[in-house]
Amino acid sequence: MEQVYGCRLRGWEMDAFTHPGDVLIGGLFLVYSGYDFSRPSFHDWPQPVSCKGFHIRYYRDVLCFMFAINEINDSPDLLPNISIGFSLLHSCMSELRAIGGAMSLISGAGNPIPRYDCHMTSAMVGIIGDMVSALSLPVARILGVHNYPQISHGASSSALSDKVNFPSFLRTVPSNMFQNIALSQLIGRFGWTWIGMIIVDNDVGEQGGRVIRAKIEESGSCVAFAEKIHLSYSNAQVLRVVEVMRKSSVNVIVLHSTEPHVKSLLDAMYDEGVTGKIFISSASFTITPGLFSKKAWKVLNGTIGLMPNTGTMPGFETFLQNLNPSFYVTYPFIEPFWETAFNCTWRNGEGMNNRSDSGSPRSHCTQDEDLKVMVPALFETFDLSYTFHAYLAVYAYAHALHSLLQCPSGWRYQPCGNISSIRPWKVLRFLKKTPFQAPSGDLITFDKNGDISASYDIVTIQILGGQFQLVTVGSFTLSGSSGHRIIINSSLILWNENFSQVPESACSRSCVPGSRRVTRLGQPPCCFDCVSCSAGEISNSTDAVKCFRCPQDQWSNEERNRCVPKIIEFLSHEEPLGRILMSMVTLFCFLGLSILLTFIRFKNTPMIKATNRELSYILLVSLILCFLCCLVFIGQPSKVTCLLRQTFFSVVFSISISSVLAKTIMVILAFKATRLNSPLRKWLGPIIPRHVVGLCSGLQIAICSVWLYKSPPFPSLNTQIENHKIIFECNEGHKLFFYMTLGVLGFLAMISFFAAFLARNLPGTYNEAKLITFSMLVFCCVWISFIPAYLSTSGKYTVAVQVFAILASSAGLLSCIFIPKCYVILLRPDLNRREILGHK
């Protein structure tokens, strides 16, 4: 217990480097990139982890930390007459060492003693570090309990924004909540939909990977695999991950890990020939050439990554050039740095590795090596991203202390201007509410979650001629209050040797316009088949999820990617079918007119007198009109033609059929009234034919008049009959009237047919009843055939069927009734005599 109270405890002596000052800032940095698994004491408390792999890129952060403190101590405006000291420890990529180091720094005992403060002369006001989220999380939880402020210059886990669990944590890098948005937008910008993921196998990697995956899937892309990797993985485990990448069709892989964990994976990928992949690295992956082998860089060639926005640090490069191992008291870790930089070993380096990586013996280090010309390449000054944010963290503490010592108005805890009264919890309050401007001109403000505004540089790795280049190709920033803006210049990106242009990474090829996506059963949404849109539907975009139906007056084209106006169809005069029907109308009209003129020319002959001249004239005129009414059906429908089509046809056809009926009645009466005293002789005059024709046609006229009054036909565009056409037709209005007119015609035709059929065997050399019977048989056959043909056709062919039926039935009446008479009149005048016509 004496040792505890005396602030000394044997067992775990942390190798801290301390520089005195009026106040102290603790530093917890990565200096070594790994630890030695061969040491049996790795898990044995309280022995510290054995570190290996000194890394200059990480050491640069330590030097920047010291550089910023020197700047502040030399500044006459910031903390005048007060010096800042520091105490440094390295975490060695180990949670165990990070926790022990943090506790050692706040206790000041050189040992991790909870709840003891053994800083005798200077107060420890807070800690900077660690850079890695996995190490910062346990440290932040412990420091939050002790109310010690912690500013990380690299930990981006969004969990650290939770001020309930981590009340004293702040950071100078953006939360990866913004990183996840940037990654999803970057992937979307290049059209990649089939993505792989490599994440570090720890809590931070698991949580971050889950959030990144959710953002990627939210943007419409899919994750094919999410494999874990860790520094402790065996060679077999690493090869298993490599085999997963080899078998996958993924060309783009998101890399969410710190760089030490993926070293062995990248080397194994090169050895196994898996080099045709493009990596998208998250901000947690520090792009540092010195850590990786040449094999790894060939695998990483063409990688696109996010890096926190970087400012300038004037004088930092000069500071680096002045490093010298003779000032080992001033510069921590200077001896391992010198050994790494110049591939040498100190003579008293007992137990050190005296061979280089290639196996050749190391030379002995002196203090005469020239460092100045090596600084840009050695410290990778082309990219100062995380180093700059360590620089900002120091200035955040300095400005908070400066405000605290100014005794601001409203501060109720006194005394405040006395440096001995400074406590970490006071510094924490001022850190949260003190905006400051770094010497680089950057204005830094911590929000309520301890985060700063989001800003990333988008960089790409280019290996040209074996030389490493890191090129900034874009940026990702907040745009307005809630939006984000990504700017990228694709022309600056050089993809690796497997791709001459932007690589494709998709589970399925994009569906072209005219088709839609159908997800494969049991597979992610990005794996789909392309199915053509149905007739009448289109898709005018790539990878359409569904097809859209065209408007009623339009139809899909053959490619199903555009709606085109439907063809308006009607029976036109110009088309072949219309011309044929017009020719037939002309021919039959000429024939009917010729027969009429013949009958007029030979009206006094016995043949014409015997067939009732008046009825013959009426029948011939009505048949000519029947032929002419076909013209109303041909051509574009109009209001007038629609009104005339069925009504004109019905009336003139009723006149024709009633004339035939009257002829039949007169034939029967003529043969029944042959006796002189027969009472039927008084009906042989023109009265009965006129009444029959007038009554039958009057009935049809009455029906058509009611039809035109109640529901007149009108021109309309019918889009329902045929999908790809608009039928320009005459809408008949109420169908009942149309069927009534056809019914009257059918009724008259049947009466005429049966009457003529009964009179077919009456005596006489020339019996007209036989001709009427045959003509009505032709008429009935035509119109009975018309019904199924009319119902089974559509559009202009329906009109053509009706026109053909009118022509055929009219031509049947004309030819069957009048052609035999014309034959006798014109060619056999010897038979056109009364005694022959009346001979039994």
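The values are calculated or read from the model by the stated rules, or taken from the named source; none is laboratory data. Keep in mind it's a predicted model, so treat the numbers as computed, not measured. We place every Cβ from the backbone using ideal geometry, glycine too, and count neighbours over all the protein chains shown. Side chains are part of the model used for accessible areas, which takes the heavy atoms of the whole protein and leaves out ligands, DNA and RNA. Shrake-Rupley method; radii C 1.70, N 1.55, O 1.52, S 1.80 Å.
I'd like to verify a number: residues in the stretch 51-93 that are in a strand (DSSP E or B) and among the basic types (Lys, Arg), how many? First the steps, then the outcome.
In the first step, residues of the stretch 51-93 are kept if they are in a strand (DSSP E or B); the result is 51-54, 84-90.
Now restrict to residues that are among the basic types (Lys, Arg): 52.
Count: 1.
Identify all residues within the stretch 385-440 that are at pLDDT below 90 and closer than 28 Å to THR288 by Cβ; write none if there are none.
The answer is SER385, TYR386, ALA438, PRO439, SER440.
Cβ-Cβ under 8 Å, sequence separation 6+ or interchain: first residue in the stretch 733-745 and over 18 Å from SER809 (Cα atoms), partner part of a loop (DSSP other than H, G, I, E, B) and open to solvent by 20 Å² or more (accessible area, probe 1.4 Å). Which pairs?
GLY733/SER711; GLY733/PRO712; HIS734/SER711; PHE737/SER711
Among what's in the stretch 17-50 and is in a loop (DSSP other than H, G, I, E, B) and among the aromatic types (Phe, Trp, Tyr), pick the residue that is modelled with the highest pLDDT.
We begin by selecting, within the stretch 17-50, every residue in a loop (DSSP other than H, G, I, E, B); these are 20-22, 30-31, 36-50.
Now narrow it down to the ones that are among the aromatic types (Phe, Trp, Tyr): 37, 42, 45.
On the way: PHE37: 52, PHE42: 39, TRP45: 42.
Here the answer is PHE37.
Looking at the stretch 662-673 only, could you name the residues that are open to solvent by 10 Å² or more (accessible area, probe 1.4 Å) and touching a helix residue (DSSP H, G or I) at 6+ places or on another chain (Cβ under 8 Å)? Explain how you work it out, then say what you get.
The first filter runs over the stretch 662-673 and keeps only residues open to solvent by 10 Å² or more (accessible area, probe 1.4 Å), leaving 665-672.
Hits for the stretch 662-673 are ILE665, MET666, VAL667, ILE668, LEU669, LYS672.
If I ask for residues that are of a type in the set (Ser, Thr, Tyr), within 25 Å of the chain's Cα centre (by Cα) and surrounded by 14 or more Cβ atoms within 10 Å (Cβ to Cβ), which ones from the stretch 226-252 would you list? Walk me through it before giving the result.
Taking the stretch 226-252 first, the residues of a type in the set (Ser, Thr, Tyr) are 232-234, 248-249.
Those left that are additionally within 25 Å of the chain's Cα centre (by Cα): 248-249.
If the condition is that a residue be of a type in the set (Ser, Thr, Tyr), within 25 Å of the chain's Cα centre (by Cα) and surrounded by 14 or more Cβ atoms within 10 Å (Cβ to Cβ), then SER248 is the only one that fits.
Are there any pairs, at least 6 apart or on different chains, whose C-beta atoms fall under 8 Å, with the first in the stretch 553-565 and farther than 9 Å from GLY514 by Cα and the second open to solvent by less than 40 Å² (accessible area, probe 1.4 Å) and of a type in the set (Ser, Thr, Tyr), and if so, which?
Close Cβ pairs (under 8 Å, with a partner that is open to solvent by less than 40 Å² (accessible area, probe 1.4 Å) and of a type in the set (Ser, Thr, Tyr)) amount to ASP553/THR719; CYS563/SER556; VAL564/SER556.
Can you work out which of the residues in the stretch 146-160 that are out of contact with any Lys or Arg (no Cβ under 9 Å at 6 or more places or on another chain) and modelled with pLDDT under 90 is least open to solvent (accessible area, probe 1.4 Å)?
Out of the qualifying residues, it is SER157.
Can you tell me which of (1) touching a residue at least 40 places away in the same chain (Cβ under 8 Å); (2) within 23 Å of LEU135 (Cβ to Cβ) is the one TRP194 doesn't meet?
(2)
Only residues that are open to solvent by 60 Å² or more (accessible area, probe 1.4 Å), in a loop (DSSP other than H, G, I, E, B), modelled with pLDDT of 80 or more and polar (S, T, N, Q): list them for the stretch 478-522, please.
Those that are open to solvent by 60 Å² or more (accessible area, probe 1.4 Å), in a loop (DSSP other than H, G, I, E, B), modelled with pLDDT of 80 or more and polar (S, T, N, Q): ASN489, GLN501, SER510.
Going by what's in this entry, would GLY359 be described as over 30 Å from SER248 (Cβ atoms), open to solvent by 20 Å² or more (accessible area, probe 1.4 Å) and modelled with pLDDT under 85? Before the answer, list the steps.
Numbers: over 30 Å from SER248 (Cβ atoms): yes; open to solvent by 20 Å² or more (accessible area, probe 1.4 Å): yes; modelled with pLDDT under 85: yes.
Answer is yes for this residue.
Out of the helices (runs of 4 or more DSSP H) lying entirely within the stretch 576-661, which hold 3 or more residues that are at pLDDT below 90, open to solvent by less than 10 Å² (accessible area, probe 1.4 Å) and out of contact with any His (no Cβ under 9 Å at 6 or more places or on another chain)? Spell out the reasoning first.
Numbers: elements: 576-601, 606-610, 613-633.
Correct list: 613-633.
Can you tell me which of (1) β-branched (Val, Ile, Thr); (2) open to solvent by 70 Å² or more (accessible area, probe 1.4 Å); (3) part of a strand (DSSP E or B) is the one VAL564 doesn't meet?
Result: VAL564 passes all but (2).
Go through (1) of a type in the set (Ser, Thr, Tyr); (2) at pLDDT below 85; (3) open to solvent by less than 50 Å² (accessible area, probe 1.4 Å) one by one and return the number of the condition SER83 breaks.
(2)
Looking only at the stretch 686-733, count every residue that is open to solvent by 30 Å² or more (accessible area, probe 1.4 Å), at pLDDT below 85 and over 30 Å from GLY536 (Cα atoms) and tell me the total.
So the count comes out to 5.
I need the strands (runs of 3 or more DSSP E) fully contained in the stretch 111-187, keeping only those with at least 2 residues that are in contact with a strand residue (DSSP E or B) (Cβ under 6 Å, 6 or more places away or on another chain) and under 26 Å from ALA214 (Cα atoms). Steps first, please.
Details: elements: 123-129, 150-152, 169-171.
In the stretch 111-187, the matching strands (runs of 3 or more DSSP E) lie at 169-171.
Under 6 Å by Cβ, and 6 or more places apart or on different chains, what pairs join a residue from the stretch 91-110 that is closer than 14 Å to LEU137 by Cβ with one that is of a type in the set (Ser, Thr, Tyr)?
Short answer, once both residue conditions are applied: SER94/TYR35; ALA98/SER91.
Can you say whether GLY101 is modelled with pLDDT under 90 and either open to solvent by less than 20 Å² (accessible area, probe 1.4 Å) or in a loop (DSSP other than H, G, I, E, B) (or both), as far as the supplied structure shows? Full working, then the answer.
Details: modelled with pLDDT under 90: yes; either open to solvent by less than 20 Å² (accessible area, probe 1.4 Å) or in a loop (DSSP other than H, G, I, E, B) (or both): yes.
Answer is yes for this residue.
Taking the stretch 453-477 on its own, how many of its residues are open to solvent by 20 Å² or more (accessible area, probe 1.4 Å) and either aromatic (Phe, Trp, Tyr) or outside any strand (DSSP E or B) (or both)? Let's see the steps before the verdict.
Applying the first criterion (open to solvent by 20 Å² or more (accessible area, probe 1.4 Å)) to the stretch 453-477 yields 453, 455, 457, 463-472, 475, 477.
If we keep only those that are either aromatic (Phe, Trp, Tyr) or outside any strand (DSSP E or B) (or both) as well, we get 453, 465-466, 468.
Within the stretch 453-477, residues that are open to solvent by 20 Å² or more (accessible area, probe 1.4 Å) and either aromatic (Phe, Trp, Tyr) or outside any strand (DSSP E or B) (or both) number 4.
Any residue in the stretch 158-174 that is free of Cβ contacts under 8 Å to residues at least 60 places away in the same chain and either of a type in the set (Gly, Ala, Ser) or over 25 Å from VAL427 (Cβ atoms) (or both)?
Within the stretch 158-174 (the criterion being free of Cβ contacts under 8 Å to residues at least 60 places away in the same chain and either of a type in the set (Gly, Ala, Ser) or over 25 Å from VAL427 (Cβ atoms) (or both)), the answer is yes, since at least one residue qualifies.
Would you mention how many residues in the stretch 787-828 are in a loop (DSSP other than H, G, I, E, B) and in contact (Cβ under 8 Å) with a residue 60 or more places away in the chain? Before you say what the answer is, go through the steps one by one.
Residues of the stretch 787-828 in a loop (DSSP other than H, G, I, E, B): 793-795, 828.
Those still in the list that are in contact (Cβ under 8 Å) with a residue 60 or more places away in the chain too: 794-795.
Residues that pass the stated criteria total 2.
Of the residues GLN523, GLN552, which is closer than 24 Å to GLY191 by Cα and more than 17 Å from the chain's Cα centre (by Cα)? Steps first, please.
Working: GLN552 fails: closer than 24 Å to GLY191 by Cα.
After applying the criteria, what remains is GLN523.
If I filter the stretch 213-225 for residues that are touching a residue at least 24 places away in the same chain (Cβ under 8 Å), open to solvent by 60 Å² or more (accessible area, probe 1.4 Å), hydroxyl-bearing (Ser, Thr, Tyr) and farther than 21 Å from VAL132 by Cα, do I get at least one hit?
Within the stretch 213-225, one or more residues are touching a residue at least 24 places away in the same chain (Cβ under 8 Å), open to solvent by 60 Å² or more (accessible area, probe 1.4 Å), hydroxyl-bearing (Ser, Thr, Tyr) and farther than 21 Å from VAL132 by Cα.
Which of the residues belonging to the stretch 762-800 are at pLDDT below 80 and over 24 Å from SER656 (Cα atoms)?
PRO763, GLY764, THR765
Which of the residues that make up the stretch 266-310 are more than 35 Å from the chain's Cα centre (by Cα) and in contact (Cβ under 8 Å) with a residue 40 or more places away in the chain?
Once the filter is applied, which keeps residues that are more than 35 Å from the chain's Cα centre (by Cα) and in contact (Cβ under 8 Å) with a residue 40 or more places away in the chain, the stretch 266-310 yields THR288, PRO289, GLY290, LEU291, LYS294.
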